[in-house]
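Worksheet: the structure to be examined is printed underneath.
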Amino acid sequence: MRCFMEAIDEAIGRIKDSQSVAVITGAGISQESGVPTFRGEEGLWKTYRAEDLANPAAFQRDPQLVWGWYNWRRGIVAEARPNPAHLGLVEMEENLDSFMIATQNVDGLHRLAGSKEVHEIHGNIWKARCTACETVFDDREVYEDGQMPHCPKCGALARPHILWFGETYDQELLSGVMGFLARSRTVLVIGTSGMVYMPVHLAEYAKSRGATIIDINPEDSAVTDVATISIRKKAGEAVSMIVKGLYH
Ligand code: OAD
Ligand code: ZN
């Protein structure tokens, strides 16, 4: 493997040559903000069973348990602040003609940092959706145990507005993201394991349309095989160095 500085320099060169840059992010980009990732040493799926929590059958079986888990995570996310990786991407957007983030994260930290073109393909933890009429609404409460939000329109129980295992992606959202990827010269993939396959699929698609893929992750992942350049560092440090090289 080439040294880390070489990979950073190469990434800077590629971004300089691109007017259109896309970024795909996963839980790893928020790790330095104190939001736990799903996989890895301290990952949530080590302690919790996704089957019990993040799928429609689990919610039908025990909505209070599922909401309890999301309320616990709301409490963590409420305390979290954007880190240098989120902030570096804001600076990139300000300096490029064309820029987009597609994130799997539901924590809202990209928008909180100031990024504008953000597509949350797994939903948002601060939104809820009616189980009867499907109305989506903002819901910033961290509920007490046993309490759950209800639809402002029809009063039915609401669920987290989050894509669960076994559910399908919003096709309109996804085709917008793919359209952008097809036009992107460079795609940064930051902090995702690729165990949920969509980011790998999106990176493969962008690569097939001619994009350079830059993988930022302290570990190898399913993205590594697709990547043109791999930067084995935490997101905060890697993105800060890239932005410094580009604009400072
Ligand atoms: P994962 O938890 O699967 O992977 C996190 C990745 O981030 C790992 O590859 C880590 O090596 C890397 N990582 C850890 N710390 C990092 C840091 N400081 N900087 C950069 N990378 C770091 O997270 P995702 O791939 O996002 O779905 O998981 C995909 C989906 O699985 C999630 O959106 C979630 C989960 O089930 C839903 O909740 C719908
Ligand atoms: Zn309703």
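The values are calculated or read from the model by the stated rules, or taken from the named source; none is laboratory data. Everything quoted here is computed from the prediction, not taken from an experiment. Counting neighbours? That spans all protein chains shown, and the Cβs are built from the backbone with ideal geometry, glycine included.
Tell me the residue from G108, G114 that is surrounded by 17 or more Cβ atoms within 10 Å (Cβ to Cβ), under 22 Å from G88 (Cβ atoms) and either away from ligand 1 (no atom under 16 Å from the Cβ) or of a type outside the set (V, I, T) (or both), please.
G108
Check region 156-177 and report whether any residue there is part of a loop (DSSP other than H, G, I, E, B), closer than 22 Å to W69 by Cα, within 11 Å of ligand 2 (Cβ to nearest atom) and modelled with pLDDT of 95 or more.
Looking through region 156-177, at least one residue is part of a loop (DSSP other than H, G, I, E, B), closer than 22 Å to W69 by Cα, within 11 Å of ligand 2 (Cβ to nearest atom) and modelled with pLDDT of 95 or more.
From the list G34, G13, which one is outside any loop (DSSP other than H, G, I, E, B), more than 16 Å from ligand 2 (Cβ to nearest atom) and modelled with pLDDT of 95 or more?
When all the criteria are applied, what remains is G13.
Which of the following residues is out of contact with any strand residue (DSSP E or B) (no Cβ under 7 Å at 6 or more places or on another chain) and either under 24 Å from T37 (Cβ atoms) or modelled with pLDDT of 95 or more (or both): A54, A102, A128?
Exactly one of A54, A102, A128 is out of contact with any strand residue (DSSP E or B) (no Cβ under 7 Å at 6 or more places or on another chain) and either under 24 Å from T37 (Cβ atoms) or modelled with pLDDT of 95 or more (or both), namely A54.
For every residue, the table says whether it meets (1) surrounded by 13 or more Cβ atoms within 10 Å (Cβ to Cβ); (2) basic (K, R); (3) touching a Cys at 6+ places or on another chain (Cβ under 8 Å).
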residue	(1), (2), (3)
I125	yes, no, no
R129	yes, yes, no
D139	yes, no, no
C151	yes, no, yes
P160	yes, no, no
F180	yes, no, no
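Please find, among G68, G40, G88, the residue that is touching a residue at least 40 places away in the same chain (Cβ under 8 Å) and in a loop (DSSP other than H, G, I, E, B).
G40
Please determine whether any residue of region 214-227 is crowded, with 16+ Cβ neighbours inside 10 Å, hydrophobic (A, V, I, L, M, F, W, C), at pLDDT 95 or above and away from ligand 1 (no atom under 16 Å from the Cβ).
Within region 214-227, not a single residue is crowded, with 16+ Cβ neighbours inside 10 Å, hydrophobic (A, V, I, L, M, F, W, C), at pLDDT 95 or above and away from ligand 1 (no atom under 16 Å from the Cβ).
Give just the number: which of (1) within 23 Å of R39 (Cβ to Cβ); (2) β-branched (V, I, T); (3) surrounded by 14 or more Cβ atoms within 10 Å (Cβ to Cβ) does T168 not satisfy?
So the condition that T168 fails would be (3).
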